[in-house]
Amino acid sequence: MARIAYVNGRYRPLGEACVNVEDRGYQFADGVYEVCEVRGGHLVDERRHLQRLLRSLGELKISLPMPLTALGVVLRETLTRNRVQDGIVYLQVTRGVARRDFAFPTADTRPSVVVTARSLDPASNEKIAVNGIDVVTLPDNRWDRVDIKTVSLLPNVLAKQTAREQGAREAWFVDCEGRVTEGSSSNAWIVTREGKVVTRPADQGILRGITRTVLLDAIKAQKLTLEERAFTVQEAYAAREAFLTSASQIVMPVVRIDAKPIGNGAPGPVTTALRREFHRFAERC
Ligand code: PDD
């Protein structure tokens, strides 16, 4: 079945879905995006994703070209047209099309909206989670507004590629004080020897992941001790468990960091329980 993309008001086969070469997303990475999990044909945490989209747009002074409710309709229609039951929906809004000039275009420039959807096999993700994944650490060389979910992701792309070349599935960025910030496309967590769950506060050093936000509720419900603080790479090496969170991977066990086994080198009980429980705390729409 041909995949269908929504582009500025029209649903088109993916191969024919085009944006203008002077779209500022293409020219300057001047845009924002969201990735939302789809489970059993339903969007997971749509409300929170759309709220974060609004925040990202606000930070970049890009206006939303349609009401949020209409955007929700487009997301669902894209899912339906692509017959996605389990997978992800991708939504991108850029500052629109204008003659190339660094400064913002005139106020009447209409932002561009693109939505795509893709099926993912839940079983294959589950298979990966059973064994856990490898992570490598790399210096965080991104700008200081990574709290905005912009499509400007080149350092993340390069970091992920470095990870892949080293046989790992994710790279964790490390700040100049040796503390982990987040993954190239996920948030980073450890469970200490004392059983405390630790993750960096969602200040300006990381993206406030929606999965992260929902997981905080699951952690509370399981009566685990949470410490929202930065942790060092050394602390991560010595942790009992480690894991990452994102809309596409939910809670993914990390079993090796820089080739060093974490705990006994297998997914731990806290991570496994949080992965199992996550969807009880997520909103299904
Ligand atoms: N990535 N940090 C970064 C840098 C991310 O790119 C992501 C998400 C997250 C986790 O956010 P959330 O829990 O809302 O998915 C943290 C998405 C999945 C992506 O770019 O594909």
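The values are calculated or read from the model by the stated rules, or taken from the named source; none is laboratory data. Note that the structure is predicted; figures quoted are calculated from it, not measured. Glycine gets a Cβ as well: all are built from the backbone with ideal geometry, and neighbour counts include every protein chain shown. When the accessible area is computed, the model is the full protein with side chains, heavy atoms only, and any ligands, DNA or RNA have been set aside. Shrake-Rupley method; radii C 1.70, N 1.55, O 1.52, S 1.80 Å.
Looking at Arg55, Arg76, Arg39, just one residue is basic (Lys, Arg), within 16 Å of Ser119 (Cβ to Cβ) and within 16 Å of the ligand (Cβ to nearest atom), and that residue is Arg39. Considering region 238-285, and only residues there that are of a type in the set (S, T, N, Q) and crowded, with 20+ Cβ neighbours inside 10 Å, the residue that is nearest to the chain's Cα centre (by Cα) turns out to be Ser246. When Gln51 is tested against the conditions (1) surrounded by 15 or more Cβ atoms within 10 Å (Cβ to Cβ); (2) of a type outside the set (Lys, Arg); (3) under 18 Å from the mean Cα position of the chain (by Cα); (4) under 21 Å from Ala282 (Cβ atoms), the lone failure is (1).
Tell me whether region 24-31 contains one or more residues that are of a type in the set (Lys, Arg), assigned to a helix (DSSP H, G or I) and either exposed (fewer than 15 other Cβ atoms within 10 Å of the Cβ) or touching a Gly at 6+ places or on another chain (Cβ under 8 Å) (or both). Yes, that holds for at least one residue. All conditions but one from (1) in a strand (DSSP E or B); (2) open to solvent by less than 30 Å² (accessible area, probe 1.4 Å); (3) of a type in the set (Ser, Thr, Tyr) apply to Ser56; the one that does not is (1). When region 186-209 is filtered for residues that are open to solvent by 60 Å² or more (accessible area, probe 1.4 Å) and touching a residue at least 40 places away in the same chain (Cβ under 8 Å), the ones remaining, listed by number, are Arg193, Asp203, Gln204, Arg208. A single entry from Pro122, Pro105 fulfils the requirement of being modelled with pLDDT under 95 and not hydroxyl-bearing (Ser, Thr, Tyr): Pro122. Any chance region 153-164 includes a residue that's more than 10 Å from the ligand (Cβ to nearest atom), in contact with a helix residue (DSSP H, G or I) (Cβ under 8 Å, 6 or more places away or on another chain) and open to solvent by less than 60 Å² (accessible area, probe 1.4 Å)? The answer is no, given that none of the residues of region 153-164 is more than 10 Å from the ligand (Cβ to nearest atom), in contact with a helix residue (DSSP H, G or I) (Cβ under 8 Å, 6 or more places away or on another chain) and open to solvent by less than 60 Å² (accessible area, probe 1.4 Å).
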